[in-house]
Amino acid sequence: MASSAFDRTPEQNALIEGWTPPGVDVSRAHTARMYDFYLGGKTNFPPDRAAAEQALAVFPHVRVTAQENRAFLLRLVRHLAGLGITQFLDIGTGIPIEGRNTHDAAQAVAPESRVVYVDNDPIVLAHARALLSGSPTGATAYIDADGRDPESILGHPTLTATLDLDRPIAVLMMAVLHFVPDEDKPFEILTRLTGPLASGSYLGLSHATPDYDPVGWKAIEEAYHQSGIPGKTRTRAEFQALVPDGWEITEPGVEVVSQWKPDPGTKQPDPVQVSCYGVLARKP
């Protein structure tokens, strides 16, 4: 379990309060740090906050979107661990959140779960290495790689030392693909990423959508573009079309993340406020 603010070392607290690895440029907004800002974190900088505030100005519910997306991730991981999946590859992991990360959810159900986190932001990886730890019987590891280059991930020695590619793996890409425009061929990326995986593996995805508020999400796309961040929201059909050929979409199918197997008794926000789809697919 990740440490609390009271038992972290001064160096670890320095990470949370804004420490950056030497040579890292924080003069431009980054999606992971903007997401951290939406979730109330402290690992963000003035350009991140300025870009996030610009997005909030045109779609005030972005924080709801981010919160519901994180809740979806945790429910999805618990569901998969309950199905016996104990290997997870979390691509585009983002900055850690105290007690609300993939390994927290997985190892709460199956302590032997092994998780590999992947991101290409040195700040994310530095925070992950300092603040995330697995259970004594499980494992966590971290890879500096770009999700648009699947081969650099699947062939990475850290991944092969941590996960067994001959056994089922759950690949997770939460709120990542809407930063991959069509010209970068997201369907091909997913096909290359999932092709070598064993039968019984799973693919969990979430993606922002304009379906519920086309005007608001068009304005968000423009706000991100003005901050130098490419992006493309997709309709339900466009999102579903990203699932690799031959993979079986599990129940309840493509659904607004807040309505994907919600915890009993929880109040659901308006889908307009969420505007993010989630899906879980299985390789036969």
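The values are calculated or read from the model by the stated rules, or taken from the named source; none is laboratory data. Fair warning: this is a prediction, and the values are worked out from it, not measured in the lab. For neighbour counting, all protein chains shown are included, and Cβ atoms are generated from backbone atoms with ideal geometry for every residue, glycine included. These area figures cover heavy atoms from the full protein model, side chains too; ligands, DNA and RNA do not enter into them. Shrake-Rupley method; radii C 1.70, N 1.55, O 1.52, S 1.80 Å.
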Exercise. Can you name the residue in the range 248-284 that is open to solvent by less than 30 Å² (accessible area, probe 1.4 Å) and in a loop (DSSP other than H, G, I, E, B) and, of all such residues, is farthest from residue 190 (Cα to Cα)?
Worked result: 269
For this session: State all residues of the range 261-284 that are farther than 16 Å from residue 74 by Cα and touching a His at 6+ places or on another chain (Cβ under 6 Å); if no residue qualifies, say none.
Result: 273
For this session: Quickly run through the range 230-240 and pick out the residues that are open to solvent by 60 Å² or more (accessible area, probe 1.4 Å) and in contact (Cβ under 8 Å) with a residue 24 or more places away in the chain.
Result: 230, 236, 240
For this session: Need at least 1 residues that are open to solvent by 10 Å² or more (accessible area, probe 1.4 Å), of a type in the set (A, V, I, L, M) and in contact with a Cys (Cβ under 7 Å, 6 or more places away or on another chain) per element, so show me which strands (runs of 3 or more DSSP E) inside the range 101-205 make the cut, counting only ones lying wholly within it.
Result: none
Exercise. Within the set of pairs 6+ apart or on separate chains, which have a first residue in the range 37-63 that is over 21 Å from residue 233 (Cβ atoms), a second that is open to solvent by less than 70 Å² (accessible area, probe 1.4 Å) and of a type in the set (Phe, Trp, Tyr), and C-beta atoms under 8 Å apart?
Worked result: 44/37; 49/37
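This table checks each residue for (1) free of Cβ contacts under 8 Å to residues at least 60 places away in the same chain; (2) aliphatic (A, V, I, L, M); (3) farther than 18 Å from residue 41 by Cα; (4) in contact with a strand residue (DSSP E or B) (Cβ under 8 Å, 6 or more places away or on another chain).
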residue: 115; (1), (2), (3), (4): yes, yes, yes, yes
residue: 140; (1), (2), (3), (4): yes, no, yes, yes
residue: 160; (1), (2), (3), (4): yes, no, yes, no
residue: 167; (1), (2), (3), (4): no, no, yes, yes
residue: 182; (1), (2), (3), (4): yes, no, yes, no
Exercise. Which numbered condition trips up residue 52, out of (1) open to solvent by 40 Å² or more (accessible area, probe 1.4 Å); (2) modelled with pLDDT of 85 or more; (3) assigned to a helix (DSSP H, G or I); (4) not charged (D, E, K, R)?
Worked result: (1)
